[in-house]
Amino acid sequence: MKPQIGIREINLQKSTTILSSVLADEVTLYIKTRKFHWNVSGESFMEIHKLFQNHYKQLEESIDEVAERISKLGGNTIGTMKEFSEITKIVESPNQYPSQKEMIKELLGDHEMIIVQLRKDIEACAEENKDAGTADFLTSLMEQHETIAWTLRRYLS
């Protein structure tokens with residue numbers, strides 16, 4: 001049954017397409033953060049290890065919320081690594097294990113890229129799709145990424 005929530009079907013589809021892209025980025029960043037959590041070493045090992053753990057736990061919650069938002073709008077949620085990898089904007093580096101500082105820089109760049117994209121997505125959902133709920137949802141998600149980016153940036157100051 002399709003949702004009857006005051007948003008045209010075409011706009012619901014556009015919002016779910018945006019959310020699918022967001023989901024792909026969240027999942028890919030989650031996996032990347034876990035990889036770095038598993039492989040971090042050096043000075044302040046335990047502190048950075050726990051920091052990355054905190055970040056991937058936040059991402060894990062966000063992933064579920066994004067998937068549920070897609071469902072609320074009547075869409076089907078993608079869920080395979082193939083589907084995620086086809087639309088993510090996050091760049092992975094298989095078989096590479098950067099230094100602690102490079103891990104932080106890389107994750108910071110990923111979060112900042114997501115923030116920039118979310119700003120565009122928020123505008124599209126609010127103005128083009130007339131979907132204030134998704135715009136608000138994405139604003140909250142953007143704020144989470146801003147906090148993580150701020151934390152990572154502090155390690156590089």
- Item | Computed label-point distance, nm, for sites GLN53 and GLU112 using a 7 Å Cα→Cβ extension | 2.8 nm
- Query: Of LEU51, THR134, ALA149, which is farthest along the charge dipole of the chain in the positive direction, counting Lys and Arg as +1 and Asp and Glu as -1 at C-beta?
  - Reply: LEU51
- Note on the structure: Put in order of increasing Cβ neighbours within 10 Å, starting from the fewest, GLU61, GLU106 give GLU61, GLU106
- Query: Given a cut-off of under 8 Å on Cα pairs at least six residues apart, what relative contact order in percent is computed for the chain?
  - Reply: 31 percent
- Item | Calculated P(r) tail over 23 Å for the chain, as whole % of Cα pairs | 38 percent
- Item | Above-threshold pairs, the threshold being 27 Å between Cα atoms, out of LYS57/LYS130; LYS82/LYS120; LYS14/LYS50; LYS72/LYS130; LYS14/LYS101; LYS50/LYS82 | LYS57/LYS130; LYS14/LYS50; LYS14/LYS101; LYS50/LYS82
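Rule-based calculations on the coordinates, nothing more; no lab input. Predicted, not measured: the structure shown is a model, and the values here were computed from it. Reconstructed Cβ throughout: ideal geometry from the backbone, glycine too, with neighbour counts over all protein chains shown.
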